[in-house]
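The values are calculated or read from the model by the stated rules, or taken from the named source; none is laboratory data. The shown structure was predicted, so the numbers you read here are calculated from the model rather than taken from an experiment. As a convention, Cβ positions derive from the backbone with ideal geometry for all residues, glycine included, and neighbour counts pool all protein chains shown. These area figures cover heavy atoms from the full protein model, side chains too; ligands, DNA and RNA do not enter into them. Shrake-Rupley method; radii C 1.70, N 1.55, O 1.52, S 1.80 Å.
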4 protein chains.
Amino acid sequence: MTATDTRRTAGDISALADFGIEVPSWAYGNSGTRFKVFATAGVPRDPYEKIEDAAQVHRVTGAAPRVSLHIPWDRVDDFGKLAAFAADQGVSLGAINSNVFQDDDYKLGSLTNADPKIRAKAVAHHIECIDVMRATGSKDLKLWLPDGTNYAGQDSIRARQDRLADSLQKIYAELDDDHRLLIEYKFFEPYFYTTDIPDWGTSLLHCLALGEKAQVVLDTGHHAPGTNIEFIVAQLIRQGRLGAFDFNSRFYADDDLIVGSADPFQLFRIMHEIVRAGAHLPDSGVNFMLDQCHNIEPKIPGQIRSIMNVQEATAKALLVDGDALEAAQQSGDVLGAHAVLMDGYNTDVRPLLAELRESQGRDADPIGAFARSGYLERIERERVGGIQASWGA
Amino acid sequence: MTATDTRRTAGDISALADFGIEVPSWAYGNSGTRFKVFATAGVPRDPYEKIEDAAQVHRVTGAAPRVSLHIPWDRVDDFGKLAAFAADQGVSLGAINSNVFQDDDYKLGSLTNADPKIRAKAVAHHIECIDVMRATGSKDLKLWLPDGTNYAGQDSIRARQDRLADSLQKIYAELDDDHRLLIEYKFFEPYFYTTDIPDWGTSLLHCLALGEKAQVVLDTGHHAPGTNIEFIVAQLIRQGRLGAFDFNSRFYADDDLIVGSADPFQLFRIMHEIVRAGAHLPDSGVNFMLDQCHNIEPKIPGQIRSIMNVQEATAKALLVDGDALEAAQQSGDVLGAHAVLMDGYNTDVRPLLAELRESQGRDADPIGAFARSGYLERIERERVGGIQASWGA
Amino acid sequence: MTATDTRRTAGDISALADFGIEVPSWAYGNSGTRFKVFATAGVPRDPYEKIEDAAQVHRVTGAAPRVSLHIPWDRVDDFGKLAAFAADQGVSLGAINSNVFQDDDYKLGSLTNADPKIRAKAVAHHIECIDVMRATGSKDLKLWLPDGTNYAGQDSIRARQDRLADSLQKIYAELDDDHRLLIEYKFFEPYFYTTDIPDWGTSLLHCLALGEKAQVVLDTGHHAPGTNIEFIVAQLIRQGRLGAFDFNSRFYADDDLIVGSADPFQLFRIMHEIVRAGAHLPDSGVNFMLDQCHNIEPKIPGQIRSIMNVQEATAKALLVDGDALEAAQQSGDVLGAHAVLMDGYNTDVRPLLAELRESQGRDADPIGAFARSGYLERIERERVGGIQASWGA
Amino acid sequence: MTATDTRRTAGDISALADFGIEVPSWAYGNSGTRFKVFATAGVPRDPYEKIEDAAQVHRVTGAAPRVSLHIPWDRVDDFGKLAAFAADQGVSLGAINSNVFQDDDYKLGSLTNADPKIRAKAVAHHIECIDVMRATGSKDLKLWLPDGTNYAGQDSIRARQDRLADSLQKIYAELDDDHRLLIEYKFFEPYFYTTDIPDWGTSLLHCLALGEKAQVVLDTGHHAPGTNIEFIVAQLIRQGRLGAFDFNSRFYADDDLIVGSADPFQLFRIMHEIVRAGAHLPDSGVNFMLDQCHNIEPKIPGQIRSIMNVQEATAKALLVDGDALEAAQQSGDVLGAHAVLMDGYNTDVRPLLAELRESQGRDADPIGAFARSGYLERIERERVGGIQASWGA
C-alpha cells in the first residue's frame, strides 16, 4: 500500500512471458456503426494482408501469437496455404468464427428459425467451418448467435430454445475429438426484444446439454449495465466451462472499444479472478481473444495498445499479494483486504513490462517500435486499389 | 385486433377462477427506504393482525388464499395456533421466508461468511424455519440470500460460492420429502459490489447441484436494467425449475412498487409465457407470490390493487388467440404475430373480471367493496398502542 | 375505474381529428444494424417513391399529413417539383433533417471538429438545408448532432462545447423569421465515450443561448436506461422549448422500434403530459414525428401501426378524467389518483378510434384497408431494378 | 507513456498542498440500507464527538479542514460553541445540509407538496438552517430534495415544478449576501417513479431562475447508468454554476461507497476536467465534499481512504501533460491524445503524495498513522452507553 512496490521486479510478472492473446483478423479491416464505416488508408484487401498486419502486433509485443478467422470474411481457396503463410509470418491460425448474421435468409433467425430449411442451412455453415478447422489446424469453433426478435409475440421464446438445442446438437456431433465448440452470449443487438442466447446462464445450459467439448465465451461488452463480470468469470471457472474471452471495452452497449480503455479497473478485477484460479497459465484451456472495432483510431496501433492493456492488467493482478489478501479476507478486514488488492492495481507496471520485453530481446516500447518500423507508411503506400476488407467481405 | 373483443365473455378467462396469489405478511406492516419508514394508522402489531388484514384481501378478491410468513418477524409461540387462526379467517399459511440480513453477525455474510461459526448459525436458522413449516403445514422454504460484498478484494468470490454450496447442502438435507427449497436471486442490494446469488444462472446452478426439491424464485424487481424477464421465465419453465414468483414492479432498482404499476405490458408478457406453458394451472408447482413495499399508499388497498393487476394481466394473456399466434409465428409474419399478442393486451378485461367475480358471488369491484366494508376505519380506531409491525419486528 | 367506460364515445377523443404525425422519408427505405441491412422487396429507389409510400399511410389513417426529408438522402434537382408531387399525393413536406455523419471528414466531429475548415463545411451543409426549406416551404430545420468521442482524452469536452456554440450561431443566423432550428440530443451512438449533445439539458442550454427560434427535439429512444421521459416532456413544455418529438421505442438503446411496441404505458404517460398541457393541439408548435427503423417488418404497415399506436395512446390520455385526477392529487390520495390515470390507460380505445375513422369517411381498420388496397403487391412488382433507398442514399 | 514518470517529483503535484475536501458529520455515525443498519463500536453519540472524529481525518491527511453539518441530526443548543469546539480541534464548520425526508408530513413531498402548509413548514426549516449558518459562519446551504412520487398520476409533474420554484424563491430570499444555495439533483430514491430534481438540467434551471447565489451540487452517485459525469462537470463549469461535489462511488445505484473504490478511472477523468479548468484552486468556488456511507467498514479509516483516493486522482490529473494533450487533440491523433491522458492515470502517485505529506511534517502513511494513534481503541473503550448517532439522530 505504501512505496514498497519500488522493490518489485520483472520476475514478479514472469508468468506474462507465456501469456498469449489471440487477435481477430477482422480488427484490421474497416468497421463502424450503422451510421457510417469510415475508410482508412492501408487497410487489408484480403486474409493474407490481415495476417500480415496481425503478425506486426506479435512482432512488437511477443504476446499475440494467433489470429482468429471469420468465415466467410476470411474464406480462401486453400486454407492450408493460408496457415503456412501465417507460420511464415510467425503466427498461427486460431479460432474459426462462424457468421449467421449476413444472409437475407437469416432475417428472422438462423439456428432458431421457424423454417427447418433455414436452420439446416445454418447448421451446414458450421459444418463448413469445422472443415476449415481441419484445414487450418484450428481447435476452436466460435459461435456467436445473433438470433433474436424485435417484437413481443413475433416468435415463441420457448420454441426457439428447443430449435436452438436441436441445431447445436447437430453441429456438436460433427466436431473432432480435439475440437471445442465455444458458445458466446450477448445481451442485445442486432435484435432488440429477445436474444436467443442473452446471458451466461443460457450459454452454459446449452453447453451442459451438449457435453464436455462445449464451453462458454465471455465477451466483456455483452452484458446488461452494471453486471459484475468478474463474478461470471469466477462462476464459469468454478464450473470448468470458461472456454474463451472476447476482450473489448464499453461505456454503454457493445461499444467494442479498445480493451481497458473504458474501465481499466474492471479489466484488472477480471484478470485478478483469472490469476487467482491459475487460468492465465497456458494449459488452462482459456483462449484469451480480442474482439474490437477500431472505428476511428488506426487499427494496428489499436491492437498493440489492446495487447499492452491486457498485459498491464494481468501484471497488476500478478503483483497482488495473495497470502496477505487471503489473510485479510479470512479475518474480515474489509478495508485491509481491499487495500491489498488496490496495491496491485495502483502500481505502475510499465517499467516492469519494459524490462520483461527487453529480457525477451524486444523493444521496451511496442507502440514506438511499430511507429519506427515504417510498416504503416508502407501499407498506406502499397495497398492501393482493390476493395478494403470490412465486415461485409 | 379490431373490435371483435366485444364478443368475449368471462368464460374466456375461466382459468382465473382457480388462480391464487400468495400475499406476504410483511406487506401489511410498515416499510420504507433507508431514509424513512413512514408510519401508517391501523398497521398490525403482531402476526395475527397481519393475517386478519391479509384475509380481507382474499375476502374481496377471492384470489389471495395464502399468506407467506417471515421468520423472525412472524415468530409466535404456537405456530399451530396461528395456522388455525388463519384457517378461521379463510386463508392458509404459505411459504416460510428466512431472514439472514438483520443480525450483526451477518455484516460480512451469512451462509457465505468466512467464519464457519456464523455459517453454522445461518444454517441453524433455516432448520428452525423448517420446524416452523412442520408446525404450519407450509411446504415451501423461501431463501433470499442478501450476502455480498461492498469492495473489490473484500472476500473471495469463488470461496463464497463454495461456502454457499456447502451451507445449502446442509439445509437441503433437513427438508422433508414434500418440502421445497426456493432460492431467490437478486442483482444488488443490500451489498453493492458483489452479490452471492445475483442472477438466475447462479440460483439454478445451486438448485441443480442440490436436487429436485430445489427451485428458483424469480422476483420481478431483481434484475439488471433492460433484462428480458419473460425470457428467464420461459427458460426456467423449460428446465422445470421455476418454483415461485415474487411479484412487484420497478422503474429503477428493487423499487418494490405495486406489481403492474410501472410496466403493465411487461407483466402481461410474463403472464403470456406462463399461460402458454400452462404454468398458471394449480398443479404447475409455480407459487405466485407478492413481495412489495407500500411505503406511501395504504397497505390493504395496495395489496388488493396488486391482486387485481395480476388478474388483469393474466386475463389478457388468456385472451390471446394461441392458434392464430402460432400460425403467424410459423409463417414469419412479424407484424401479424405481434398484433395477435397485442389484441389480447389491448382488450379491456375489467368487465370480464367483474363478471367472473359476480359469478363467484363476490362484489364486482374489490376496491370499492373493501372501502365500503369499514374495515380500514375500524383498525385505525382499534389498533392503538403497541408497536407497529415493520421489517424490524 | 369500473366498467363505466362503455359509455364513452368517439366524441371524447374528438381532438384526435386534428392531430397529425409527421412521417420520415427514410422509414420507407432499407435500414438495419451495423451487422446487416436486410433487403426488402418494393422499397423505393428515390424520394418520389418514398413520398408515394408515405402518402399511403396518410390515406388510410388520415393522421400522417407531412413527410420529413433528409439531406442528402432526399436531394433532388428540383425541390419545388418534389413539393408539388407531395401535394398531388395529398401530403406536404415537413422538417428538413441535416446529415453530418456520413462524410469521411466528420470522423472526429462536424460542428465540433477541432479543424475550423471541417466545421465550416458542416455549417455550410446546414445552410444548404435552409435553402431546401425555402424551396419546399418547410419551416423546421432538424439537427441531430452525431458528434462525440470514443476515448478519454481524445478531445477537450469543453472546447467542443465552445466550438459547437459558435457553429450553431452561424447556422441560426441564416434562418428566416418563420424558421425554427430543432436541436436533438442523444445519450450515445455513433460515438461511445462522450456525445456532444447527450441530454436535454445540453440541448436546452444551446437553444437558450441562440434565441426563441431554437427548440429542443426529444427522441424517445435517446435516453439513459430508466430515464423518466414524461418528466422531460413536462419540463420542456414548462420552458416553452419543446419543439418536436422523434417517436420510436426501445428496450435497450436507440433500438428505433415501432413507437409503443416496447412500452405502451410509457407512451401513454408521455401523451398524458402532452394532453394536460394542451400540447396536442395544432397551434402548440410541437411537431410530432416518427423516427424509426423497420429492419425486419414491412415498412408501410410498420408506419401505419406506429401512427395507430400514437393515436391509441393519445386517445387514452384524452379519456383521463382531469378533474377527478386533480382532486385526487390535491387530496393526497395516492392510489385514487393513480387509478384515475389507469382508468384511461386500461380502456380499450380501438372501438372509439374505429368510430372516429368512419366518421371521417375512412376505413375503420387502416391495416386491413392497406392490405386490401393491393399497393404493396404493386410496388413489389413494379419497383424492380435500380438501387433501393437506404441510409446511404 | 514510458518510464519517464520516475523523474516526477512532489513539485508536480504541489497544487495539492492547498486542496481541501470537506467531510460530512454523518459519515462518522452509523448508516446502512433499508434492510439493516449495523452497529459499530465507538461511534459518536453527539455532534461534538463527530467533529472530534472528523478532526482525526484532518490531522493525518492535512486535507480535510471542514466538516459539513446536517440539521436536525447535528442540532445543538449553541452552534457558536460547536464552531469554537471545531476550531479547537483544528477544523471549521462547512456547509449546512437541510433535511426534508424524515418527517411524516413529508410523505408526499416537502417543497413540492400539494399542501401549502407543508410547503411552508419545509421552507421554514431552510430558514432555520440559514440561522444556523449565521451562528456557525457557514456560507453554503446545501439542499438535496428527496421529493418525488411512486406512481404515475399520483401528482402533477408540472405543478410540482411550479411549487418547487416558488418554495425555492422564498428560501433564496432569506440568504445573506455571502451565502450560497447549493441545489443537488438525484436520479431516484427515496421515490421510485418521478423525482422532482432528477438531473443537472433541472437543478440548473432552478438556479438560473433564482440568481447568482444558486449553484448546482453534483453527487457522483446520483446519475442514470452510463451517464458521463465528467461531461456534466465540464458543462456546469462552462456555465459558472458548479457549486459543489458530493463524492462517493457506486456500481449500481446511489451505493454511497468510498469515492474512487468502484471506478477510480472515472474519478480521475472528473478531476482531469476540474484541473484543466483550474477548478481545483482554492478560489474556484467549488466545494469538494464527501457524502458516503461506511456500512460495513470502520468509519474514520473509511474517510481517510476517501481523502487519499481523491488526492491520488487529483495528483494523476495534475501530472497530465496539458500541452502534449492539446497538441494531440488539435492534430486529431486519437490514440496519442488518449495515451497522454493515460500516462497520468497509470503513474503510481503514492510516492509523490508520501513526499508531499512529509514535506508538510506529516506521516507519509495516513492510514498507518491513524492506526498507530490508538484513537480508535480509545473511542471504542470510552464511548459506551448513550445512543449512537445515525441518520435518525
When you scan the stretch C:109-131, how many residues do you find that are at negative phi, buried (at least 23 other Cβ atoms within 10 Å of the Cβ) and part of a loop (DSSP other than H, G, I, E, B)? 4
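Please state which one of D:GLY278, D:GLY243, D:GLY285 is touching a Cys at 6+ places or on another chain (Cβ under 9 Å) and not hydrophobic (A, V, I, L, M, F, W, C).
Details: D:GLY278 fails: touching a Cys at 6+ places or on another chain (Cβ under 9 Å); D:GLY285 fails: touching a Cys at 6+ places or on another chain (Cβ under 9 Å).
After applying the criteria, what remains is D:GLY243.
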Within the stretch B:13-36, considering residues that are surrounded by 21 or more Cβ atoms within 10 Å (Cβ to Cβ) and of a type in the set (A, V, I, L, M), the one farthest from the other protein chains (Cβ to nearest Cβ): B:ILE21
Just checking, how many residues over the stretch C:143-166 are of a type in the set (Ser, Thr, Tyr), in contact with a strand residue (DSSP E or B) (Cβ under 8 Å, 6 or more places away or on another chain) and either assigned to a strand (DSSP E or B) or farther than 22 Å from C:HIS222 by Cα (or both)? 1
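Please determine whether any residue of the stretch D:269-278 is modelled with pLDDT of 95 or more, in contact with a His (Cβ under 6 Å, 6 or more places away or on another chain) and buried (at least 24 other Cβ atoms within 10 Å of the Cβ). Break it down into steps so the answer makes sense when it comes.
Taking the stretch D:269-278 first, the residues modelled with pLDDT of 95 or more are D:269-278.
Right, trim to in contact with a His (Cβ under 6 Å, 6 or more places away or on another chain) and you get D:274.
Subset that is buried (at least 24 other Cβ atoms within 10 Å of the Cβ): D:274.
The answer is yes, given that some residue of the stretch D:269-278 is modelled with pLDDT of 95 or more, in contact with a His (Cβ under 6 Å, 6 or more places away or on another chain) and buried (at least 24 other Cβ atoms within 10 Å of the Cβ).
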Restricting attention to the stretch A:301-309, does a residue exist that is assigned to a loop (DSSP other than H, G, I, E, B) and under 28 Å from C:THR33 (Cα atoms)? no
Subset of the stretch D:268-302 [closer than 15 Å to D:ALA64 by Cα and among the acidic types (Asp, Glu)]: D:ASP291
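Considering only the stretch C:379-389, state which residues are loosely packed, with under 15 Cβ neighbours inside 10 Å and within 28 Å of the chain's Cα centre (by Cα). Show your work before the answer.
Here is the first cut: in the stretch C:379-389, the residues loosely packed, with under 15 Cβ neighbours inside 10 Å are C:380-382, C:384-387.
Listed by number, the residues that qualify are C:GLU380, C:ILE387.
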How many residues does the stretch B:177-235 hold that are more than 26 Å from B:GLY137 (Cα to Cα) and of a type in the set (D, E, K, R)? 5
Unmet criterion (only one of (1) surrounded by 24 or more Cβ atoms within 10 Å (Cβ to Cβ); (2) in contact with a His (Cβ under 9 Å, 6 or more places away or on another chain)) for C:VAL286: (1)
Name the single residue, out of those in the stretch D:354-375 being open to solvent by 30 Å² or more (accessible area, probe 1.4 Å) and touching a residue at least 24 places away in the same chain (Cβ under 8 Å), that is nearest to the other protein chains (Cβ to nearest Cβ). D:ILE367
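Is one or more of the residues making up the stretch A:313-323 in a helix (DSSP H, G or I) and closer than 30 Å to A:GLY32 by Cα? Show your work before the answer.
Filtering the stretch A:313-323 down to residues in a helix (DSSP H, G or I) leaves A:313-319, A:322-323.
With closer than 30 Å to A:GLY32 by Cα added as a condition, the list becomes A:313-314.
Checked against the condition, which is being in a helix (DSSP H, G or I) and closer than 30 Å to A:GLY32 by Cα, the stretch A:313-323 yields at least one hit.
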Test of understanding: among C:ASP166, C:ASP196, C:ASP177, which residue is free of Cβ contacts under 8 Å to residues at least 60 places away in the same chain and either aliphatic (A, V, I, L, M) or closer than 15 Å to C:SER110 by Cα (or both)? C:ASP166
Which residues, counting only those in the stretch C:301-318, are surrounded by fewer than 24 Cβ atoms within 10 Å (Cβ to Cβ) and more than 19 Å from the chain's Cα centre (by Cα)? C:LEU318
If a residue has to be within 17 Å of B:SER261 (Cα to Cα) and more than 10 Å from chain D (Cβ to nearest Cβ) to count, how many in the stretch C:313-349 make the cut? 5
Conditions (1) away from every other protein chain (no Cβ under 14 Å); (2) touching a Gly at 6+ places or on another chain (Cβ under 6 Å); (3) under 22 Å from D:ILE296 (Cβ atoms) -> B:LEU143 fails only (2)
Given the conditions (1) within 19 Å of C:ARG34 (Cβ to Cβ); (2) open to solvent by less than 30 Å² (accessible area, probe 1.4 Å), which single one is not true for A:ILE183? (1)
Please determine whether any residue of the stretch B:72-83 is open to solvent by less than 50 Å² (accessible area, probe 1.4 Å) and closer than 30 Å to A:ILE270 by Cα. no
Out of the residues in the stretch A:319-353 meeting the condition of being open to solvent by 40 Å² or more (accessible area, probe 1.4 Å) and of a type outside the set (A, V, I, L, M), tell me which one is nearest to D:PHE265 (Cα to Cα). A:PRO351
Do we find a residue being small (Gly, Ala, Ser), modelled with pLDDT under 95 and more than 25 Å from B:VAL334 (Cβ to Cβ) anywhere in the stretch C:319-342? no
Can A:PHE288 be described as within 24 Å of the chain's Cα centre (by Cα) and within 18 Å of A:GLU230 (Cβ to Cβ)? yes
Within the stretch B:60-81, how many residues turn out to be touching a strand residue (DSSP E or B) at 6+ places or on another chain (Cβ under 7 Å) and either assigned to a strand (DSSP E or B) or not β-branched (Val, Ile, Thr) (or both)? 7
Among D:ALA54, D:ALA41, D:ALA87, which is over 28 Å from D:TYR191 (Cβ atoms), in a helix (DSSP H, G or I) and either open to solvent by 10 Å² or more (accessible area, probe 1.4 Å) or out of contact with any helix residue (DSSP H, G or I) (no Cβ under 9 Å at 6 or more places or on another chain) (or both)? D:ALA87
